[in-house]
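Below is one structure, written out as structure tokens; the observations come after it.
Bear in mind that the values in this text are calculations on the coordinates, not laboratory data. Bear in mind that the values here come from a model prediction, so they are computed numbers and not experimental data. Here the Cβ positions follow ideal geometry from the backbone for every residue, glycine too, while neighbour counts run over all protein chains shown.
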Amino acid sequence: MGDSRKPAIFELSRTEEYESLTLIIGGGIAGLTCAEKLSKEKIPSIVIEKEETLGGQLKRVSSFYHTEVKPWELINEKLSSVKNTSLVKIFKETTVKNITGLAGNFFAEIEGPKGKENIRAGSIVFASGNDSIKREKSNRAITLMQLEELMEQLKKESTKKTIAIVIEEDDFLIGPGVALKHAHILKEAGHDVYYFYEQIKVNEEYLEALYRECKEKGVVFVRNAKENIELQESDGKMNIKYKDSFNSSDLNDVSLECDMLVTNESFFLGEETKTLAKKMKVNRCQASGFLQEDNYHLLPVGTNKLGVYAIGACRKPGFLWNVISEAEAAAENIFRTLSTYREWVKERPVIIGPSACVLCLTCLRTCPRHAVYIDPKGGQCKIHRLACEGCGICVSECPNFAIEYPEGLNLRERIGPEGRGCL
Ligand code: SF4
Ligand code: SF4
């Protein structure tokens, strides 16, 4: 049994009003877009940014490939939009230390230049980005992000350079996508570009067209990078030896002297976000470790906890257009929740009958939304009406049939004392 199933006593507000303020963790493009969209719906938000400037990873990006808009223009547009409204407050150089509570009534402890502060928020949006590390390929290799910072200089460079981009297998499309963008720009600027890859996945909007354009412009693509290439460094020069399967059926060895070697990074969820998610019992994807739920069709931007959303690179590293639509979708969800919660909270409460409850805590352990809590006043198990989505799991799991749907939907009456799991 993991930590996420430990019994917990929440200090819950007695009110069942859904606080309208949203706390957004991260002031990158995802967080700013979400705050902007919420403000258009007249919903207040607080954006928490740990750095002294806003914009996140996008500050380091030199260009997009599917639009003429420049990254800094997009950041400035979002910034001026959120600064022009009193509905968005931004706390820079601030971190979130802890968040307790449930949907509608979260309590966040934040710490910034002015010290500690407590905030009550109805919804929480994780927009905290990701961390990355360089893959161990060669000391002289640079990462795609480092190349991003050199692009303006390389575009102006009059001496032709030979640039090799080696893309190792990646769980996310972002690495190959960014590499294709760079390959395209560098080739247009007159450099020789070699793209070594395991597999090129182009099943994202714009990627296939970009791949075709790269080929037409003369970027050299070499497949099976892992098996086919060997890196050698001598006399301060970098050589890549590879087998060119297109030139001969016998696989000729080709030696390529390159001026610049670029590799993709490995992405992972930042430690602060991991710790906070663990404290809040927000599940992470088992395979990738990101906040994207395993069933992302069911929860495109939501999490296992009602009222908690994950958008942008902390959900899963992705492209700008995904990030923007996730941020807008989270804001739409919050708007819909605030507009309709009074109705759905009446329709879906399940009730624990105190006299039948033997406090075995089965419901507390099995509720996927962590909506069951122990009332610190009476020591009884209770279900938080705003955090419960009425799935019925606790109703079917309670060994004493103590949990009921309202209006006579008693499980014992419906399936008899011996029946189990028939909901
Ligand atoms: S599972 Fe049933 S008996 Fe056990 S704590 Fe929950 S309501 Fe009470
Ligand atoms: S019905 Fe029960 S298991 Fe389902 S969300 Fe509500 S409290 Fe949790």
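Side notes on the structure shown:
- Inverse mean reciprocal Cα-Cα distance (Kirkwood Rh) of the chain, Å: 24.2
- Formal net charge of residues neighbouring PRO113 (Cβ-Cβ distance under 13 Å; K, R +1; D, E -1): -2
- Calculated [θ] (222 nm, deg cm²/dmol) that DSSP helices of n ≥ 4 give over the chain, each run adding -39,500 (n - 2.57): -8500 deg cm²/dmol
- The calculated FRET efficiency for GLN153 paired with THR100, based on their beta-carbon distance and R0 = 45 Å, is about 0.40.
- Radius 12 Å from Cβ of SER20, net charge of other residues (Lys, Arg +1; Asp, Glu -1): -1
- For a label point 7 Å along the Cα-to-beta-carbon line of LYS377, residues of segment 86-105 with backbone N under 18 Å: 101-102, 105
- Gaussian network model of the chain, springs between alpha carbon atoms under 10 Å - residue of ASP375, ASP253, ASP131 with greatest fluctuation: ASP253
- Principal-axis analysis of the Cα atoms of the chain puts helix 207-217 at an angle of about 0° to the longest axis.
- Choice from ASN105, ASN84, ASN264 showing the highest fluctuation, given a GNM over the chain with Cα pairs closer than 10 Å: ASN84
- Dipole moment magnitude, nearest 20 debye, the chain about Cα centre, only Lys, Arg, Asp, Glu C-beta charged: 1280
- Net charge, PRO300 excluded, C-beta distance under 12 Å - Lys, Arg +1, Asp, Glu -1: -2
- Positive-pole candidate from VAL82, PRO368, ASN264, dipole of the chain, charges at beta carbon: PRO368
- Mean separation of Cα contacts under 8 Å, 6 or more apart, over the residue count of the chain: relative contact order %: 17
- At full extension, HIS66 and SER355 could sit 97.8 nm farther apart than now, given 0.36 nm per residue minus the alpha carbon distance.
- Full extension of the chain between ARG120 and ALA189 gives 19.6 nm of extra length, using 0.36 nm per residue less the Cα-Cα distance.
- Entries of LYS59/LYS160; LYS274/LYS305; LYS42/LYS92; LYS50/LYS97 with Cα pairs more than 20 Å apart: LYS59/LYS160; LYS42/LYS92
- Between LYS377, LYS59, LYS281, the GNM of the chain built on Cα springs shorter than 10 angstrom shows LYS377 fluctuating the most.
- Taking Cα atoms only, the orientation of helix 29-40 departs from the longest principal axis of the chain by about 50 degrees.
- Estimated at 0.36 nm per residue, the fully extended path between ARG223 and LYS237 surpasses their Cα-Cα distance by 2.7 nm.
- Compared with the dominant Cα axis of the chain, that is its longest principal axis, helix 320-347 is turned about 10°.
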